[in-house]
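Heads up, the thing below is written out as structure tokens.
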Amino acid sequence: MGQKASAESLEHKPWLFRKLDALNAATSRQSAIRITIEDWIRWTQYTAFTTPAQRESKEEFTAIADKIDDTIDSKCYGNYNELTFCVVQKGVPQCKGLKAALDKCVRDNYEE
């Protein structure tokens, strides 16, 4: 499953370093590309559900991002996986329909 945005127990290891660790552990160029795309997809969902002020608040942003991650992982993982695969294989412009389907799934299933 995807990586959580939560900063729990990682207070001394910023998100950037966690991402670099994941990329460093990637066994191939393809898996590194996939990790980056998965992060981008999740980030687009986080920004759709948060205001700039909420993104400034570590606690508030983390709580919302974790709920979005839970929604993706429990209700929308098929859409998320299809979109990731499409972007890896074809590029973002070719996958707009799948992105719209993921957006709708998250919007329909996200519980505040």
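For residue 62 and residue 89, the FRET efficiency from 1/(1 + (r/R0)^6), where r spans their Cβ atoms and R0 equals 35 Å, is about 0.65.
Extension gain for residue 27-residue 51 works out to 5.1 nm (0.36 nm per residue, less the C-alpha to C-alpha distance). Taking all protein chains together, 92, 106 sort by accessible area into 92, 106, largest first [probe 1.4 Å]. Between residue 34 and residue 70, the contour length at 0.36 nm per residue exceeds the alpha carbon distance by 11.0 nm.
The heavy atoms of residue 85 offer some 120 square angstrom of accessible surface to a 1.4 angstrom probe.
Counting heavy atoms of the protein chains alone, residue 27 has an accessible area of about 130 Å² for a 1.4 Å probe.
The values are calculated or read from the model by the stated rules, or taken from the named source; none is laboratory data. The structure displayed is predicted, hence computed values, not measured ones. Virtual Cβ from ideal backbone geometry, glycine too; neighbours counted across all protein chains shown. All accessible areas refer to the heavy atoms of the entire protein, side chains included, with ligands and DNA or RNA removed. Shrake-Rupley method; radii C 1.70, N 1.55, O 1.52, S 1.80 Å.
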